[in-house]
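Before I ask anything, let me first share the structure, which is written out below as structure tokens.
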Amino acid sequence: PLDLSAFIQASFKHPKPANVTYTYGTAGFRLRGELLDSVIFRMGVLAVLRSKKMDGRTIGIMLTASHNPEPDNGVKLVDPRGEMLDTQWEPYATELANAADETALTRAMQKIIEEKHIDVGKPAHVVFGRDTRPTGPALIQALTECLEALGGGTTKVTFQDYGILTTPQLHYIVRCINTQGAYGQPTVEGYYEKLGAAYKKLVQGHRRLSPLVVDCANGVGAPKLRELARHIGEDHLLVRLVNADTETPGQLNHQCGADFVKTQQNFPAHIEGHPKERYAALDGDADRLVYFYMDEKDRTFKLLDGDKISGLAAMFIKDLTRNAGLENITVGVVQTAYANGSSTNYLKDVLQVPVTCAQTGVKHLHHEAEKYDIGVYFEANGHGTVLFNHPATQALAETRARSPAQAEALDQLKALSELINQTVGDAFSDILLVEVILTHRQWSLSQWDHAYTDLPNRLVKVVVGDRAAFRTTNADTQLVEPAGLQEKINELVAKYRAGRSFVRPSGTEDVVRVYAEAGNRHECDQLAFKVAGMVF
Ligand code: 16G
Ligand code: ZN
């Protein structure tokens, strides 16, 4: 049995605040940093149990609240393959976090051990990192105290603090450790080396593009992108970092970053918008990416969001598989209901790739994408990646080229599979992917943008009495509850040209979200506000 005396002693120093109920949601736990001390301490427990259950394989813990305001913080667990925590374990996270005292806490632990048949004598290994938030260091201290206390006595618990990291870097490191280096070296340098080498191979012999101005959201992306760019070298990648201040309090995600740019549909602070410049924006933990530019003709802001990135990637990869003679490899795309209708039409009609619509939340898209040989998935908000399954990887390794052109396409696909962080959406890896494609085509952002024109769309937040009263089906596209509401929405939508609208409860905020798109701006706004009126 587990000797918990040291653990209980340590836990007394990290009491759960009364009157707070925690929920492990789509993005883990996320709330004001000062309310998270006990939660982070207890996530150490969950990571240790999960690692023991997985035969001592490494589990990751990332402390970040992504695009949320600076006073917030959050925590997410990373599973052995570098993926999000198995959803079956999410309720355990919630239970541990809400245990009122040490008795309840150890009881919750025992319950997990019994239900999951965990051999507590197994070793456990946990690695962790954090973003640049000011509440980070104290929370890491709480986590360390938990892991040290659990490691005393007979149980072997080892851990490593990787310091400040982007979220995707931690996912990468976890995967590397658990594959004994087959995925790469489990260090930040190993990450730069892997991405950098693949990138240089892919852009070799092509004319370098003009500099990319990157809005770093005043977050961890700034120092880390600087390191990556230095590693790659200016001959191959020229970036200029803006909103790269991680020192001044209050700046993180403030009027900048990928979420700001996407939701405001406007330039962030410190970027005025010059028609000749190329822009991209990261979010606060560098797992989301959007591009943007100023249109030369009408001098307006233009956004290239996750849908545009996904279209660009699918186009390039489809071409390469055809050129490589890999006709049996299926390239498919996964989107959510928030994908612009024009992007879905472009994928289906122009690129002729299969498209799946998944429920909102990275884990849902990730698992759908695994069903394709090469699965491209992106949320409109800029989170996404490309997955190469086992048959695809094998085909890349084993196919004998019958011509120099085939050999080149095969080599490029292999390099792409190295360039792309397949554990999770990664803004850095996605920047390199986009830059490779634009370099190959020698395209400007506006040339890329011309693949299709977004339908006007609107996202509205509605505060309701009880958002749990809203339940959806078919990947969030239809409401099953409240009864009858979906029928009313359908009747309304039918009156609009190219109209589409859906309603879903947010997984991260206490609101219901209404999305609408239609053939023109005026009708789109009208549709959005009418549906919002029905929900209220
Ligand atoms: C979380 C999800 C993101 C999703 C968003 C939706 C992860 C890592 N993040 O941030 O993918 O787009 O929630 O938020 O899964 P909402 O439920 O408030 O609309
Ligand atoms: Zn993020």
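The values are calculated or read from the model by the stated rules, or taken from the named source; none is laboratory data. Only a predicted model underlies this, so the values are computations on that prediction, with no experimental measurement involved. In this analysis, Cβ positions are derived from the backbone assuming ideal geometry, glycine residues included, and neighbour counts consider all displayed protein chains.
Among the residues of region 39-84 satisfying the criterion of being touching a Lys or Arg at 6+ places or on another chain (Cβ under 7 Å) and more than 26 Å from Leu282 (Cβ to Cβ), which is nearest to ligand 2 (Cβ to nearest atom)?
It comes out as Pro80.
Have a look at Phe502, Phe529 and point out the one that is at pLDDT 95 or above and either under 19 Å from Thr336 (Cα atoms) or within 16 Å of ligand 1 (Cβ to nearest atom) (or both).
Phe502
Quick grid of which residues meet (1) of a type outside the set (Gly, Ala, Ser); (2) surrounded by 14 or more Cβ atoms within 10 Å (Cβ to Cβ); (3) within 16 Å of ligand 1 (Cβ to nearest atom); (4) closer than 22 Å to Leu459 by Cα:
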| position | (1), (2), (3), (4) |
| --- | --- |
| Gly250 | no, no, no, no |
| Cys256 | yes, yes, no, yes |
| Val261 | yes, yes, yes, yes |
| Tyr279 | yes, yes, no, no |
| Leu289 | yes, yes, yes, yes |
| Arg299 | yes, no, no, no |
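Looking at Ala380, Ala324, Ala313, can you tell me which residue is more than 16 Å from ligand 1 (Cβ to nearest atom), buried (at least 23 other Cβ atoms within 10 Å of the Cβ), farther than 24 Å from Pro211 by Cα and modelled with pLDDT of 95 or more?
Ala324
Quick one: Thr87 ticks every box in (1) closer than 19 Å to Leu170 by Cβ; (2) away from ligand 2 (no atom under 16 Å from the Cβ); (3) β-branched (Val, Ile, Thr); (4) under 18 Å from the mean Cα position of the chain (by Cα) except a single one, so which number is it?
Thr87 satisfies all of (1) closer than 19 Å to Leu170 by Cβ; (2) away from ligand 2 (no atom under 16 Å from the Cβ); (3) β-branched (Val, Ile, Thr); (4) under 18 Å from the mean Cα position of the chain (by Cα) except (1).
Which members of region 292-311 meet the condition of being out of contact with any His (no Cβ under 8 Å at 6 or more places or on another chain) and either under 9 Å from Gly382 (Cβ atoms) or within 16 Å of ligand 2 (Cβ to nearest atom) (or both)?
Of everything in region 292-311, those that are out of contact with any His (no Cβ under 8 Å at 6 or more places or on another chain) and either under 9 Å from Gly382 (Cβ atoms) or within 16 Å of ligand 2 (Cβ to nearest atom) (or both) turn out to be Asp305, Ile309.
With in the same structural domain as Ala47 (by TED's automatic domain parsing) and either out of contact with any helix residue (DSSP H, G or I) (no Cβ under 7 Å at 6 or more places or on another chain) or not hydroxyl-bearing (Ser, Thr, Tyr) (or both) as the only criterion, which of Thr135, Thr155 stands out?
Sole residue among the options that is in the same structural domain as Ala47 (by TED's automatic domain parsing) and either out of contact with any helix residue (DSSP H, G or I) (no Cβ under 7 Å at 6 or more places or on another chain) or not hydroxyl-bearing (Ser, Thr, Tyr) (or both): Thr155.
Of the residues in region 89-101, how many are in contact with a Lys or Arg (Cβ under 9 Å, 6 or more places away or on another chain) and either at pLDDT below 95 or farther than 22 Å from Asn178 by Cα (or both)?
9
Still on this structure, I have one more. In this structure, is Ala18 out of contact with any strand residue (DSSP E or B) (no Cβ under 6 Å at 6 or more places or on another chain), surrounded by 14 or more Cβ atoms within 10 Å (Cβ to Cβ) and not in a strand (DSSP E or B)?
It is false that Ala18 is out of contact with any strand residue (DSSP E or B) (no Cβ under 6 Å at 6 or more places or on another chain), surrounded by 14 or more Cβ atoms within 10 Å (Cβ to Cβ) and not in a strand (DSSP E or B).
Another one. Need the failing condition index for Ala451 against (1) among the hydrophobic types (A, V, I, L, M, F, W, C); (2) within 16 Å of ligand 1 (Cβ to nearest atom); (3) more than 25 Å from Arg175 (Cβ to Cβ), just the number.
(2)
Could you tell me how many of the residues in region 87-104 are out of contact with any helix residue (DSSP H, G or I) (no Cβ under 7 Å at 6 or more places or on another chain) and more than 14 Å from ligand 1 (Cβ to nearest atom)?
Of the residues in region 87-104, 8 are out of contact with any helix residue (DSSP H, G or I) (no Cβ under 7 Å at 6 or more places or on another chain) and more than 14 Å from ligand 1 (Cβ to nearest atom).
In region 146-200, which residues are surrounded by fewer than 17 Cβ atoms within 10 Å (Cβ to Cβ), more than 23 Å from Val39 (Cα to Cα) and touching a residue at least 60 places away in the same chain (Cβ under 8 Å)?
Once the filter is applied, which keeps residues that are surrounded by fewer than 17 Cβ atoms within 10 Å (Cβ to Cβ), more than 23 Å from Val39 (Cα to Cα) and touching a residue at least 60 places away in the same chain (Cβ under 8 Å), region 146-200 yields Gly153, Thr154, Ala197.
Give the residue that is nearest to Met84 (Cα to Cα), with candidates limited to residues of region 95-139 that are among the hydrophobic types (A, V, I, L, M, F, W, C) and assigned to a loop (DSSP other than H, G, I, E, B).
Ile118
Results for (1) surrounded by 19 or more Cβ atoms within 10 Å (Cβ to Cβ); (2) over 25 Å from the mean Cα position of the chain (by Cα); (3) in a loop (DSSP other than H, G, I, E, B); (4) of a type in the set (Ser, Thr, Tyr), shown as yes or no for each residue.
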residue: Arg402; (1), (2), (3), (4): no, yes, yes, no
residue: Gln406; (1), (2), (3), (4): no, yes, no, no
residue: Gln422; (1), (2), (3), (4): yes, no, yes, no
residue: Gly425; (1), (2), (3), (4): yes, no, yes, no
residue: Phe428; (1), (2), (3), (4): yes, no, no, no
residue: Ile431; (1), (2), (3), (4): yes, no, no, no
residue: Val434; (1), (2), (3), (4): yes, no, no, no
residue: Leu438; (1), (2), (3), (4): yes, no, no, no
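Right, next: Which one is farthest from His171 (Cα to Cα), of the residues in region 259-286 that are within 16 Å of ligand 2 (Cβ to nearest atom) and small (Gly, Ala, Ser)?
This residue is Ala280.
Identify, please: which residue in region 484-536 is surrounded by 18 or more Cβ atoms within 10 Å (Cβ to Cβ) and among the aromatic types (Phe, Trp, Tyr) and is, among those, nearest to ligand 2 (Cβ to nearest atom)?
Among those that are surrounded by 18 or more Cβ atoms within 10 Å (Cβ to Cβ) and among the aromatic types (Phe, Trp, Tyr), it is Tyr515.
Tally time: how many residues in region 30-52 are within 16 Å of ligand 1 (Cβ to nearest atom) and at pLDDT 95 or above?
1
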